[in-house]
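The values are calculated or read from the model by the stated rules, or taken from the named source; none is laboratory data. The structure presented is a predicted model; accordingly, all values stated were derived computationally and were not measured. As a convention, Cβ positions derive from the backbone with ideal geometry for all residues, glycine included, and neighbour counts pool all protein chains shown. Remember, those area values only see protein heavy atoms, side chains included, never the ligands or the DNA or RNA. Shrake-Rupley method; radii C 1.70, N 1.55, O 1.52, S 1.80 Å.
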Amino acid sequence: MKPEDLARSLPPVLAPVLLGVEAFPGFAARVRFRREGALDVFRAIHDLGFTHLAMIGGIDWVDHREVIYTVWSDEARTYLLLSTDVPADDPRVESAVPVWPSANWHEREAWELVGITFDHHPDLRHLLTPDGYAFHPLLRSFKIHEPEELEVKTRHV
Amino acid sequence: MTATPAAVAPPKNASKVESHRADAELPMAGEPAVPFLEIEALRAREFIPAAKEALTDLIAEQGQSKLIRPVFNWAGRNSLFPLHWGLACCAIEFAAAFGARWDAERFGVVPRSSPRQSDLMIVNGTVTWKVAHKLITLYEQMPEPKWVIAMGNCATGGGPFRTAYSVVPGVDKLVPVDVYIAGCPPRPEAMLDGILLLETLIRERKE
C-alpha cells in the first residue's frame, strides 16, 4: 500500500482535518491530522482494515507535543503511523477507545508519563505510578529529583 | 570457597558482623546454660525427655519468663518461613536457592505463600512507589515476631535506579530491615549467608 493509494481511499469529508499522507520508513505511510477531527480519522482508518492498535506514544517537542498511533492491518500486512500535534499548554486529544478498545491502557500511560489528556477516556487513572503522583516524568522539563525530595512529594494516602 | 561475606548487618551490630560465622560454635553470653538449647537437632524420641528434664529444672530455678525466650529463639531461628514473592531478577536467585543445588530447606527455610504463615520477608528486587503500599500491607499481615531481609542492591538502596522517578531508594524507607545482602543479583550462597546471619541475630534476641 503506497501513501498515494491510502490518501485516495480515505473519505473526502476528512480533507479539512488531514494535514498530509507521506511516506515514512518502516510504515506504509504517516498520516498527519488535526486533533479536532481525531475520532473521524480513527474511524476511517479502522474501516480501511487497520483493526489492531499496536501502540500510542507521546513525544515532547518542548514547544508542542505530538501523539503518535501505530496501527496494523491484517489484510495489508502493514503498519500505519498516525500523528497529531497538540499545544504544550493545552495537551488534550480525543480518546481512541471507542474505535480501538486496546487504547485504554496506552492512553493511561501516555497521560501519566507525558501529560497528554485524552478526552472521554472511560477510566483515566495512573497505570505505572502511584495514585497522587505529582509529576509527568518523561517530559523534558522533569528534573531528576533527590530521592528524599521525590519521597516527600510522592508519599500517598 | 573463600568469598568475602556478602551479607552485612545494620550498623548497630557492626562489631558482631566480623565473627558471625565463628559464633555458631561459641556459647552466647547471657544465654541460660540449658544443655539441649546448644544442640541444633535431636531425634524426636530423645527430644521429649531431654526437654522435659531441662525445662522442669529451669522453671524451678529461674522462673518461666527467662526460659521462654531462648526456647522461642531456638525454635524460630531454625524454622524461618519467608514469604514466597518476587519483585525482580533477585527472585530468580531466590528460587534457585530452594532448588536441588543449594537447598535452603536444609536450614528450615520454607517459602510460604501467605503472609499469615510467614515470619520472614525477603525483599528481592526493585521496589517501586506503586508497589510500596502493597509491600507494607504484606508486612503488616505477617505475625510477630517477623524479620526483613533486603536482598540485592535495589532493595538495599535503590541500586542503579536510585534517582529514577518511580523507585523507592531502599526498602528501609518502608519497613525495618534486619539484614542487607549485597549483589546484583546476589548468588544463592550470598542469600544463604544472609539467612545464617539472621539466625545469629535471632539467637541474640532478648525481647
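In the stretch A:47-56, the count of residues that are crowded, with 18+ Cβ neighbours inside 10 Å and among the polar types (S, T, N, Q) is zero.
For the stretch A:109-140, a residue qualifies if it is of a type in the set (A, V, I, L, M) and farther than 15 Å from A:Gly58 by Cβ, and exactly one does: A:Ala134.
Can you spot a residue in the stretch A:24-31 that is among the small types (Gly, Ala, Ser), assigned to a helix (DSSP H, G or I) and touching a residue at least 40 places away in the same chain (Cβ under 8 Å)? No: zero hits. When you look at B:Ala75, is it open to solvent by 30 Å² or more (accessible area, probe 1.4 Å) and either modelled with pLDDT of 90 or more or not in a helix (DSSP H, G or I) (or both), yes or no? In short, no.
Taking A:Arg125 as meeting all but one of (1) more than 14 Å from chain B (Cβ to nearest Cβ); (2) open to solvent by 40 Å² or more (accessible area, probe 1.4 Å); (3) in a loop (DSSP other than H, G, I, E, B), write down the number of the exception. Among (1) more than 14 Å from chain B (Cβ to nearest Cβ); (2) open to solvent by 40 Å² or more (accessible area, probe 1.4 Å); (3) in a loop (DSSP other than H, G, I, E, B), A:Arg125 violates only (1). Taking residues in the stretch B:92-109 that are at pLDDT 90 or above, and partners anywhere that are part of a loop (DSSP other than H, G, I, E, B) and of a type in the set (A, V, I, L, M), the pairs with Cβ atoms closer than 6 Å and at least 6 places apart or on different chains are B:Val109/B:Leu80.
Residues are listed down the side, and each one gets a yes or a no for (1) of a type in the set (Ser, Thr, Tyr); (2) touching a strand residue (DSSP E or B) at 6+ places or on another chain (Cβ under 6 Å); (3) modelled with pLDDT under 95; (4) within 20 Å of A:Asp85 (Cβ to Cβ):
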{"position": "A:Leu18", "(1), (2), (3), (4)": "no, yes, yes, yes"}
{"position": "A:Val21", "(1), (2), (3), (4)": "no, yes, yes, yes"}
{"position": "A:Arg43", "(1), (2), (3), (4)": "no, no, yes, no"}
{"position": "A:Phe50", "(1), (2), (3), (4)": "no, yes, yes, no"}
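With the condition kept exactly as written, say whether any residue in the stretch B:110-132 is part of a loop (DSSP other than H, G, I, E, B) and in contact (Cβ under 8 Å) with a residue 60 or more places away in the chain. Looking for residues that are part of a loop (DSSP other than H, G, I, E, B) and in contact (Cβ under 8 Å) with a residue 60 or more places away in the chain, one finds none in the stretch B:110-132, hence no. Total residues in the stretch A:32-46 satisfying the condition of being within 23 Å of A:Pro91 (Cα to Cα), open to solvent by 50 Å² or more (accessible area, probe 1.4 Å) and in a helix (DSSP H, G or I): the figure is 4.
The residues of the stretch B:85-131 that are within 21 Å of B:Cys184 (Cα to Cα) and over 18 Å from the mean Cα position of the chain (by Cα), listed by number, are B:Leu87, B:Ala88, B:Cys89, B:Ile92, B:Gly99, B:Arg101, B:Thr126, B:Val127, B:Thr128, B:Trp129, B:Val131. Filtered by the rule that a residue be more than 14 Å from chain A (Cβ to nearest Cβ) and either open to solvent by less than 50 Å² (accessible area, probe 1.4 Å) or not in a loop (DSSP other than H, G, I, E, B) (or both), the stretch B:156-183 gives B:Val175, B:Val177, B:Asp178, B:Val179, B:Tyr180, B:Ile181, B:Gly183. Under the condition of being touching a strand residue (DSSP E or B) at 6+ places or on another chain (Cβ under 7 Å) and among the charged types (D, E, K, R), the residues counted in the stretch A:75-102 number 3.
The residues of the stretch A:60-75 that are loosely packed, with under 15 Cβ neighbours inside 10 Å and among the aliphatic types (A, V, I, L, M) amount to a single one, A:Val62.
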